[in-house]
């Protein structure tokens, strides 16, 4: 139903409502015993009747106006040279001109589908598709390859119906179109390779109407822009194949003579209208001629006598050498991907060269394909692989560094136990401890980027998180920068690691501050958002659902478009040397992705930059992580008795952990591997109170040997330690009862308190 009809129905319903109201008011006036009320009801009835009368007059005027509009449209299309019809929403034809009657050979056509049936194989699908678009946007059109050539079908929403027109888009020259048709054989091919249609030129070339491509080409499949052996009526002939997508899985194949005629006759002139980019090139690399599609693709630099080397680049060798080798027959039909030298945008083309003869002299025909999207996808894939490799490297390096830092900080803690503040060495030990903590924070950033850090998720309200952080953020931005916060009044909770989220916010705010050296305003905005459809951008798809968004916007210099996708790479920075490590945004990216969120960046040079974070709204059914993790607590003062089996392959870490536990009064049995630990446990008289084991070790890993040991010693508590994230083995730990995780690097206090908690 059209919008106009809907409006008319609404008007009639409203008019009926007003009339009924007038009747009710009149009845109330009659039955009323109060004179004053009677007068009021009579006045109301009169007012309603006046409104109804005005509405009725307006409706009559509207109907008359629409009738005049329809007649004007009919008068307009009567003398239109293009076949045109006027139809209702259900497809019924109410008017058509003489050209339309001659096109469909039906007088008159009853439906739009019947009107188009002589031109299209499946008109009902085309009608539905275009009418739906016209209903939404007001007009729609589509260029379609038909049995008789290329036509343009257009539809416009008018009055209370649709105006349909069919235009022949190739009828530009009275005398040329037939030459073009005759000189360019064309076949319409379906998805399965069946030949659906052949024009007269292709039938004359092959000698008959064929149904499959194996009756045309000696070898299949054939490729766009390449030479192929064609079985013509006069025998085999080498011809150039051009391919054009025609929609619905169909494609149009054009066949060109491999040898150009002696002059610029109808064949090359026909190339000008062909929807395939073509360039004729001289042996010296100069452009001889080209068609309109090539000019549109290559850009304004394409002109006669222009050198191909000035238009494209990217071979790694001279383009002239490439042309020479092709002329010598060494690189026939080998495609190359080249980058166009365009100033307005980055574009790539796939170029296939074919050797032809022009007026007795050799020449080259370059068939071009727009490969911009393909090269973009390739670059994205390479970038993804690079980031994955860097992430794996960062995670491995972080694990090794965590072992070293555990040993350094642990032995520093042991030394601090023997030195008080008055000792001359005390300050040096404090410096070692502080720098160790700084190194651990840097390693944490590497783990965050590689998404292998241990998170402590909890239910958060971003308003509370930002309120706790506001004082620190104001200190970070300084006096020249203003920090403004704006919250959604009904913000929903999310689940994230509060400490890591605060790190993300500080990184974003610091970057915004550094982008505004002369001062400005940083706006932090939170709001609830519901995505009804997937959101696809920046190679990421955000699924539909409820989200809480957080935006950090600045008024800085902005980031050029070519650098936007690099800002999340580790060690990439636009700051001067010494002003940043290049890990801030990569860390933020890793934390957000590991938390199940999404982060996007929008920037305009000279205007500013906006970072947008998407967090899934916390589901009420979400449960807590089943396994236990360790949160550092205050140091215990009492000493304990117990036997600890310590399994650690790193000797410095094992030495520190053993000394720390013995100082607390524990008896410690050391093992450098899982196999040694299991050998120790063969002594059935040995009573073990706690297992303390590394997770990743040569040979058998920590969870594996613990499960084996628990078969004979059930109930022994376990402390897992690792320089990797807890999530890397969380499922295995979950299956082991009474186990906790202690991440490296850990301090003396962290280790002893954790063991103490497992003893209780």
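Okay, residues lined up against (1) part of a loop (DSSP other than H, G, I, E, B); (2) at negative phi; (3) at pLDDT below 85; (4) under 44 Å from the mean Cα position of the chain (by Cα):
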{"position": "174", "(1), (2), (3), (4)": "yes, yes, yes, no"}
{"position": "178", "(1), (2), (3), (4)": "no, yes, yes, no"}
{"position": "181", "(1), (2), (3), (4)": "no, yes, yes, yes"}
{"position": "201", "(1), (2), (3), (4)": "no, yes, yes, no"}
{"position": "205", "(1), (2), (3), (4)": "no, yes, no, no"}
{"position": "209", "(1), (2), (3), (4)": "yes, yes, no, no"}
{"position": "225", "(1), (2), (3), (4)": "yes, no, yes, yes"}
{"position": "228", "(1), (2), (3), (4)": "no, yes, yes, yes"}
Suppose the filter is part of a helix (DSSP H, G or I), at pLDDT below 80 and farther than 28 Å from residue 568 by Cβ; does residue 433 pass it?
yes
In this structure, is residue 485 in contact (Cβ under 8 Å) with a residue 24 or more places away in the chain and not in a helix (DSSP H, G or I)?
yes
What about residue 155, is it at pLDDT below 80, part of a strand (DSSP E or B) and crowded, with 18+ Cβ neighbours inside 10 Å?
no
So is residue 518 in a loop (DSSP other than H, G, I, E, B), modelled with pLDDT under 90 and loosely packed, with under 11 Cβ neighbours inside 10 Å or not?
yes
Has the stretch 726-742 got at least one residue that is closer than 22 Å to residue 413 by Cβ and modelled with pLDDT of 90 or more?
no
Could you please give the count of residues in the stretch 204-247 that are over 19 Å from residue 352 (Cα atoms), without any contact (Cβ under 8 Å) to a residue 24 or more places away in the chain and either touching a helix residue (DSSP H, G or I) at 6+ places or on another chain (Cβ under 8 Å) or surrounded by 14 or more Cβ atoms within 10 Å (Cβ to Cβ) (or both)?
5
Looking at (1) in a strand (DSSP E or B); (2) surrounded by 22 or more Cβ atoms within 10 Å (Cβ to Cβ); (3) at pLDDT below 90, find the lone condition where residue 720 falls short.
(3)
Among the residues of the stretch 254-272, are any under 35 Å from the mean Cα position of the chain (by Cα) and modelled with pLDDT of 80 or more?
no
Strands (runs of 3 or more DSSP E) wholly in the stretch 585-688 with at least 1 residues that are in contact with a strand residue (DSSP E or B) (Cβ under 8 Å, 6 or more places away or on another chain), modelled with pLDDT of 90 or more and under 25 Å from residue 405 (Cα atoms) - which ones?
643-647, 667-671
Which residues, counting only those in the stretch 489-514, are in contact (Cβ under 8 Å) with a residue 60 or more places away in the chain and either more than 16 Å from residue 585 (Cβ to Cβ) or more than 33 Å from the chain's Cα centre (by Cα) (or both)?
492, 493, 494, 495, 496, 497
Failed criterion for residue 536 (all others in (1) at pLDDT below 85; (2) in contact with a strand residue (DSSP E or B) (Cβ under 7 Å, 6 or more places away or on another chain); (3) assigned to a strand (DSSP E or B) hold)
(2)
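The values are calculated or read from the model by the stated rules, or taken from the named source; none is laboratory data. In this text, all values refer to a predicted model and were calculated from it rather than measured experimentally. Reconstructed Cβ throughout: ideal geometry from the backbone, glycine too, with neighbour counts over all protein chains shown.
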